[in-house]
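For reference, the structure is listed below as structure tokens.
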Amino acid sequence: MTDARHAGLQSILVLAAATGVALLPLHLDLFALMQVTLFAAMSVLALSVAFIWGFGGILSFGQTAFFGLGGYVYAIAAINFGDSTNAILLAVVLPALFATALGYFVFYGKISDVYLGVITLTVTLILFNVVNSTAGEAYRIGIARLGGFNGIPSVPTFNMPFHPEIPLSPETSWWVTGGTLIAVYLLLRLILVSRFGRVAVAVRENETRAALLGYDTRLVKLGVFVLGGAIAGLGGALYVNWGAFVGPTIFSLSLSAEIIIWITVGGLGSLFGPIVGCFVIQWLVALIGSQQTFNSNLVLGAILVGFVLLLPKGVAPTFLLCLARLRKRYRSTTEHGSAQSTPHAGQLT
Amino acid sequence: MTELVPLLKTEKLTMNFGGVVANDSVDFNLGEMELRCLIGPNGAGKSTFFKMLTGQITPSSGTIAFRGRSIAGLPSHEIARTGLGIKTQIPNVFNGLSVRENIWLSARRKNTPRMANLVVDEILERVRLTEKQSAIVGQLSHGQRQWVEIGTVLAGDPELLLLDEPAAGMTDKETERTAEIIREINEARAIIVVEHDMEFIKMIARTVTVFHQGRIMMEDTLKNVLADARVRDVYLGKKVVVS
Ligand SMILES: Nc1ncnc2c1ncn2[C@@H]1O[C@H](COP(=O)(O)OP(=O)(O)OP(=O)(O)O)[C@@H](O)[C@H]1O
Ligand SMILES: [Mg+2]
């Protein structure tokens, strides 16, 4: 059965990734380790969009709204609590609640899905502007000053659960971030084989049919959207932990656009592909940033156009397709061969 | 004396598309286990009638009672849950998914995972798609996709099936099998079939309702309907073979 083979491939992939995450600090210097920590944090954001867009069919141009919200919630809570444990939890819960409210308004308000992209984009812009204008003493939550366009510096990074006196080392921080990425990947995989996940894909395929079979498609889409918001929020917390800083640019539109590129490159309808896309593109942007010849936005644009024209399915699905074709060809040649080598008894006589 | 509640009853059901009255005061009754054929020329309002019954559009006025319960204007999924299944005129299937997944999605709504798989196996057998269960639906022929949709609807175990042109795009052999399937289904549940193909209608018809310009023009046995002068007039140019 191809399903079993697929599951086998999945387990190998996850095991390899887990081993990689565990051993990486042995092979990388601190700077490189910090860099992959950032990539992994952003990959959590990539997974959230890969899930809601690729499997739920919901294109949100403003997933950075939840990412940024998660980042700010984490920063404000961590400063106030002095402990990161519950702050991380809040960074997941509050963006999820915000996604519930926004999603309810869109999906139950019979607003066409086309507008969801516009609405999320607008919300991101509004958040950017609101946060950007919170400079000054008056804007504080508890003891955390929002800081307007300057952002919030010196955000406490992750500590051992409920032990604020033991902050995580860069290695441990990497393990937490990489481990979270794998955990989120696994969670989404499990959801996708569950009834909810399969129905979500069905709604993406044909919403009318799903409704005519008795599924409340609004609820399904809301569920997908909220899950995406929660994961993006978690990504935001990981991102702020990486830099110990959060500013309004976390809500930037260029980041929103970059996510779309990660997924287009990695493959829409894949979870692994977008992670690859996220790592490769970010690495490329960092590389371009360290020299002066090319403008990174120009290169990103060229990559996007190139992929849309030449490899519209993205890297991961194209790779799987080639693998399937090769296997088919291999099988048909061996079958052919064996048929020839064992002629019918009738032919012999 | 006990009066039976009809399975489906519509009263003065009307759909007005900004001036185009697609259904005009339709009073329709269907009994338990009935097999009804609905015919009428293009634009007569047959699909509109089905769309109102299944909540795809909200009637402008009038009532729909399913087993005595009012369902007019409810969202599609709630109507589906009361036991109404529909195969739409323009195929509504999950094109990117396998045949098995299409049917499973329907079976799994009410059933446990184990039961759902059993139901899927049985349905696949019935619509002759067991061999094709792993195929992606979008790549099948039109006739086969019709069967996928019929199978999918059946797997939801509805008490009333609405089939809007189920034989469209089918070969003669496939059409015959479809008629057979419909008769099988009718052993346990009520069906309304919309069709233009008179040969097909003849294979299954008992009572026939004729729609014309959004109204019910007549309701009788197939023989009487085909013998009716008005029906011939309406179908003029559509070549109804009266034999
Ligand atoms: N959404 C809509 N908006 C406006 N007019 C509509 C709409 N849907 C249907 N109509 C009109 O309502 C009338 C009935 O259409 P309907 O599709 O119900 O006919 P039908 O009997 O199913 O025809 P056919 O046999 O061709 O499928 C037609 O005149 C059609 O143009
Ligand atoms: Mg029609």
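The values are calculated or read from the model by the stated rules, or taken from the named source; none is laboratory data. Because the structure is predicted, anything quoted here is derived from the model rather than measured. Quick reminder, even Gly has a Cβ in these numbers, built from the backbone with ideal geometry, and neighbours come from all protein chains shown. Note: areas computed on protein heavy atoms with side chains; ligands, DNA, RNA excluded. Shrake-Rupley method; radii C 1.70, N 1.55, O 1.52, S 1.80 Å.
Sorted by accessible area with a 1.4 angstrom probe, largest first, how do A:His6, B:His77 fall?
Descending accessible area places them as A:His6, B:His77.
Report B:Asp220's accessible area, 1.4 Å probe, all protein chains in place, as a number in Å² to the nearest 10.
50 Å²
What is the Cα coordinate range of chain A on the first, second and third principal axes, sorted by size from largest, in whole angstrom?
That works out to 100, 54, 45 Å along the principal axes.
Considering only DSSP beta bridges whose two residues both sit in the protein assembly as shown, what percent are antiparallel, to the nearest 5? Don't jump to the answer; show the numbers that get you there.
Values: 26 of 43 bridges.
The answer is about 60 percent antiparallel.
Looking at the square roots a ≥ b ≥ c of the eigenvalues of the Cα gyration tensor of the range A:112-220, which shape do they give, rounded for a/c under 1.5, prolate if a/b is larger than b/c, or oblate?
Oblate, because a/c is 1.5 or more while a/b does not exceed b/c.
Within the range A:250-294, list the residues whose amide N lies under 18 Å from a label point set 7 Å along Cα→Cβ of A:Ala302.
A:261-262, A:265, A:280-294
Just to confirm, what accessible area per residue do you get for the protein assembly as shown at 1.4 Å probe, in whole Å²?
The answer is 48 Å² per residue.
What accessible area, in Å² to the nearest ten, does a 1.4 Å probe give for A:Ser11?
Answer for A:Ser11: close to 60 Å² accessible.
For A:Leu146, A:Leu238, give me the order by solvent-accessible area with a 1.4 Å probe, most accessible first, ignoring ligands, DNA and RNA.
Order by accessible area, largest first: A:Leu146, A:Leu238.
With N denoting the number of residues in chain B, provide Rg(C-alpha) divided by 2.2 N^0.38 Å, to two decimal places.
So the Cα radius of gyration is 1.00 times the expected 2.2 N^0.38 Å.
Looking at chain B, what % of its DSSP beta bridges pair antiparallel, to the nearest 5?
In chain B, approximately 55 percent of DSSP beta bridges are antiparallel ones.
Ignore the peptide's own chain and count Cβ atoms of other chains within 10 Å of each Cβ in B:93-102; give me the average, rounded.
Working: counts 3, 9, 3, 6, 6, 0, 0, 0, 4, 5.
Taking all residues of B:93-102 together, the mean is 4.
At the nearest 100 Å², what buried accessible area, both sides summed, do you get for B and A when the probe is 1.4 Å?
The buried area between B and A, both sides summed, comes to about 1900 Å².
Treating the protein assembly as shown as a set of equal point scatterers at the Cα positions, no solvent, please give the Debye-formula log₁₀ I(q)/I(0) at q = 0.07 Å⁻¹.
Scattering profile of the protein assembly as shown, log10 relative to I(0): -0.57.
Need one value for A:213-221: mean number of C-beta atoms belonging to other chains within 10 Å of its residues' C-beta atoms. Each step should come with its number before you reach the end.
Values: counts 19, 15, 8, 6, 3, 2, 1, 1, 0.
Counting Cβ atoms of other protein chains within 10 Å of each residue's Cβ and averaging gives 6.
Any chance you could look up the accessible area of B:Arg145 with a 1.4 Å probe, heavy atoms only, rounded to 10 Å²?
Using a 1.4 Å probe on the heavy atoms, I get roughly 50 Å².
Using a 10 Å cut-off on Cβ to Cβ distances, tally the other chain neighbours for every residue of A:197-205 and report the average as a whole number. Don't jump to the answer; show the numbers that get you there.
Values: counts 0, 5, 3, 0, 5, 8, 2, 3, 10.
Other-chain Cβ atoms within 10 Å of each residue's Cβ, averaged: 4.
Please report, ordered by residue number, every helix of chain B (full DSSP H runs) that is 15 Å or longer along its axis going by C-alpha atoms and whose mean Kyte-Doolittle hydropathy reaches -1.0.
Membrane-span-like by this rule: B:113-126, B:142-155.
Rounded, prolate or oblate: which fits the range B:1-57, taking a ≥ b ≥ c as square roots of the Cα gyration tensor eigenvalues, rounded meaning a/c under 1.5, else prolate when a/b beats b/c? All intermediate terms of the calculation are to be shown ahead of the outcome.
Values: a/c = 2.41, a/b = 1.81, b/c = 1.33.
Because a/c hits 1.5 or more and a/b exceeds b/c, the range B:1-57 counts as prolate.
Set the bar at 19 Å for Cα to Cα. Now go through B:Lys9/B:Lys46; B:Lys12/B:Lys87; B:Lys12/B:Lys223; B:Lys46/B:Lys110; B:Lys110/B:Lys132; B:Lys87/B:Lys223 and name every pair that lies beyond it.
B:Lys12/B:Lys87; B:Lys12/B:Lys223; B:Lys46/B:Lys110; B:Lys110/B:Lys132; B:Lys87/B:Lys223
Just reorder A:Trp242, A:Trp174 by solvent-accessible area, largest first, 1.4 Å probe, all chains present.
From most accessible down to least: A:Trp242, A:Trp174.
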